[in-house]
1. Against the definition (in contact with a Phe, Trp or Tyr (Cβ under 8 Å, 6 or more places away or on another chain), open to solvent by 10 Å² or more (accessible area, probe 1.4 Å), over 22 Å from B:Leu116 (Cα atoms) and among the basic types (Lys, Arg)), how does B:Arg77 come out, yes or no?
2. Collect the residues in segment B:41-72 that are touching an Asp or Glu at 6+ places or on another chain (Cβ under 7 Å) and away from chain A (no Cβ under 13 Å), keeping them in residue-number order.
3. Could you list all residues from segment B:75-106 that are within 7 Å of chain A (Cβ to nearest Cβ), under 17 Å from A:Ala71 (Cα atoms) and either of a type outside the set (Lys, Arg) or in a loop (DSSP other than H, G, I, E, B) (or both)?
4. Can you name every residue in segment A:133-149 that is among the polar types (S, T, N, Q), open to solvent by less than 70 Å² (accessible area, probe 1.4 Å) and more than 11 Å from A:Ser11 (Cβ to Cβ)?
5. Against the definition (of a type in the set (A, V, I, L, M) and over 12 Å from the mean Cα position of the chain (by Cα)), how does B:Val95 come out, yes or no?
6. Under 7 Å between Cβ atoms, which residue pairs at least 6 apart in sequence (or on different chains) link something in segment B:109-124 that is within 11 Å of chain A (Cβ to nearest Cβ) with a partner that is surrounded by fewer than 14 Cβ atoms within 10 Å (Cβ to Cβ) and of a type in the set (S, T, N, Q)?
7. For segment A:1-74, please list each of the strands (runs of 3 or more DSSP E) lying entirely inside it that holds at least 2 residues being open to solvent by less than 50 Å² (accessible area, probe 1.4 Å) and of a type outside the set (D, E, K, R).
8. For residues that are charged (D, E, K, R) and either surrounded by fewer than 16 Cβ atoms within 10 Å (Cβ to Cβ) or not in a helix (DSSP H, G or I) (or both), tally how many sit in segment B:107-117.
Protein chains: 2
Amino acid sequence: MAKVFVITGPSGVGKGTLIRELLSRVPELELSVSATTREPRAGEVDGRDYHFLDPEEFAARADRNEFLEHAAYSGNRYGTLRSEVERRLDAGHSVVLEIEVQGARQVRAAMPEAVLVFIAPPSPETLRQRLEGRGTDSPEAIDERLRTAEIELDAQQEFKHVVVNDELERAVEELVGIVREELDA
Amino acid sequence: MAKVFVITGPSGVGKGTLIRELLSRVPELELSVSATTREPRAGEVDGRDYHFLDPEEFAARADRNEFLEHAAYSGNRYGTLRSEVERRLDAGHSVVLEIEVQGARQVRAAMPEAVLVFIAPPSPETLRQRLEGRGTDSPEAIDERLRTAEIELDAQQEFKHVVVNDELERAVEELVGIVREELDA
């Protein structure tokens, strides 16, 4: 049966890489495309990277309860359209959402049958090294992300499945195992 | 018709005071009691201040989807039991939830018909003065709360009703007005 999989966890934990590997190894999965009010960046394509909505349309669709989850960050709004998920399920495809913890909690509230997987870093020190190694964040931004990560790590106990991203290949295999088991259930 | 009202907003914004006034002026409202795994503090009574659950029971009830919303903070879990809200609605009473922004988003996802009211501080400076005046928080805790408040203020645009808590009596009247209008609708 087609299912919804929510992959969540702290920023910088490696959700994106794990999901790319998951999608390549479990071809029946499709990745959901989020909606946002922020401006497209260079190279981003509407409908592929995001559904880019203007603030008025986003607000109107939120008022009509068209989002499975949504939230505002740094002045922009982000969300998952129910239609985006439902048209894939209706076509018999399972859907993967890459989403931060707050959004995952909303999906859990709206759709208790969704399968939630929390990706945890091996340790705060490892997370710091990864963020520093990425070289895209200032020291202040890294501190801020680590603080957020600490708060979000609390969230681990809320989720049935927790995959520690200690070593990529091992973590991918564990994630693929969870997904295959749920698809076969 | 009995309705669910969610009063949300940053920590320290004065939700508790506003809700006490609201309950005293709109007697048909009942305040929902949250569940938590944290230890009772001196003077707290089970079933009045919180439903105190041990971690195993909380986890089991979460697995059975018995919570309208739940989350973990500082190693403890907090949530609103559906039964707590539903038995009041079934008895014809409208229910008020005092809840932080993450929980409010979950209620919105699970129960789109709930009425959400965001309480906003007049300015970050006023919020700082209030937290300092309360005298219960360390300077570091106040900084942390202000950072959280800044993030949560973003949330304002997500909510239909926003009441700025600039002056208590004015804010209470605005809140009472919103609730009465929704109860009469």
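1. Numbers: in contact with a Phe, Trp or Tyr (Cβ under 8 Å, 6 or more places away or on another chain): yes; open to solvent by 10 Å² or more (accessible area, probe 1.4 Å): yes; over 22 Å from B:Leu116 (Cα atoms): yes; among the basic types (Lys, Arg): yes.
It is true that B:Arg77 is in contact with a Phe, Trp or Tyr (Cβ under 8 Å, 6 or more places away or on another chain), open to solvent by 10 Å² or more (accessible area, probe 1.4 Å), over 22 Å from B:Leu116 (Cα atoms) and among the basic types (Lys, Arg).
2. B:Tyr50, B:Phe52
3. If the condition is that a residue be within 7 Å of chain A (Cβ to nearest Cβ), under 17 Å from A:Ala71 (Cα atoms) and either of a type outside the set (Lys, Arg) or in a loop (DSSP other than H, G, I, E, B) (or both), then B:Gln102, B:Gln106 are the ones that fit.
4. Just the residues of segment A:133-149 that are among the polar types (S, T, N, Q), to begin with: A:136, A:138, A:148.
Filter once more, so that each one left must be open to solvent by less than 70 Å² (accessible area, probe 1.4 Å): A:138, A:148.
Within segment A:133-149, A:Ser138 is the sole residue that qualifies.
5. Values: of a type in the set (A, V, I, L, M): yes; over 12 Å from the mean Cα position of the chain (by Cα): no.
Answer is no for this residue.
6. These pairs meet every condition: B:Pro112/A:Asn65.
7. Numbers: elements: A:4-8, A:29-31, A:67-73.
By residue number, A:4-8, A:67-73.
8. Applying the first criterion (charged (D, E, K, R)) to segment B:107-117 yields B:108, B:113.
The next check asks that each one be either surrounded by fewer than 16 Cβ atoms within 10 Å (Cβ to Cβ) or not in a helix (DSSP H, G or I) (or both); those that pass are B:113.
So the count comes out to 1.
The values are calculated or read from the model by the stated rules, or taken from the named source; none is laboratory data. Values in this document were obtained by computation on a predicted structure and should not be read as measured data. We place every Cβ from the backbone using ideal geometry, glycine too, and count neighbours over all the protein chains shown. All accessible areas refer to the heavy atoms of the entire protein, side chains included, with ligands and DNA or RNA removed. Shrake-Rupley method; radii C 1.70, N 1.55, O 1.52, S 1.80 Å.
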